[in-house]
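The values are calculated or read from the model by the stated rules, or taken from the named source; none is laboratory data. From a predicted model like this one, the values you see are computed outputs, not experimental measurements. Neighbour counts run over all protein chains shown; Cβ positions are idealised from the backbone, glycine included. Surface areas here come from the heavy atoms of the whole protein model, side chains and all, with no ligands, DNA or RNA. Shrake-Rupley method; radii C 1.70, N 1.55, O 1.52, S 1.80 Å.
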Amino acid sequence: MTFSESQIINALRKINWPLGLVCPECRSKRIYKIKDKRKIKRYTCKDCLRRFSDISETVFHKTRISLDKWLSAFEDYKNQSSYTARKLKNDYSISYTAARRMASLFKQQEKEFSHLLKAIR
């Protein structure tokens, strides 16, 4: 199944902030959005001045791989019993190092990925 980046980001916002946007550091609700044209929005807390984004403190933090590739790869990983990093590398045209990291995170954070997939559907 293919996912749009905006669907994934909206689902992440609902999961991370079910009661509204709050600072992950000080839990303040005094947040302002940094204006730019990126799909992944960035914010600054008015109280502690911490900057964070829609993907901060998630498995996607600091990733350069698109979010739709992550979720498509996770679905493939779930559906195939022996889905290796080498197969991930070849199927998604990413480096072997990135594929190994993805496969490792799929094993460690399987519940988080499954929860995100449910939130999108």
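Listed conditions (1) open to solvent by 70 Å² or more (accessible area, probe 1.4 Å); (2) within 24 Å of Phe106 (Cβ to Cβ) are all met by Leu71, apart from (1).
Among the residues making up segment 17-59, a single one is surrounded by fewer than 14 Cβ atoms within 10 Å (Cβ to Cβ) and of a type in the set (Phe, Trp, Tyr): Tyr32.
For segment 94-105, the tally of residues that are within 14 Å of Tyr83 (Cα to Cα) and more than 12 Å from the chain's Cα centre (by Cα) stands at 6. Taking the criterion of being closer than 20 Å to Leu71 by Cβ, free of Cβ contacts under 8 Å to residues at least 40 places away in the same chain and not in a loop (DSSP other than H, G, I, E, B), the residues of segment 1-56 that qualify are Ser6, Asn10, Ser53. Every condition in (1) at pLDDT 95 or above; (2) among the charged types (D, E, K, R); (3) in contact with a Phe, Trp or Tyr (Cβ under 8 Å, 6 or more places away or on another chain) holds for Asp76 except the one numbered (1).
Within segment 85-121, the set of residues being in a loop (DSSP other than H, G, I, E, B) and either touching a strand residue (DSSP E or B) at 6+ places or on another chain (Cβ under 7 Å) or open to solvent by less than 70 Å² (accessible area, probe 1.4 Å) (or both) comprises Ile94, Ser95, Gln109. For segment 74-84, filtered to residues that are within 23 Å of Glu5 (Cβ to Cβ) and open to solvent by 70 Å² or more (accessible area, probe 1.4 Å), the residue that is farthest from the chain's Cα centre (by Cα) is Asn79.
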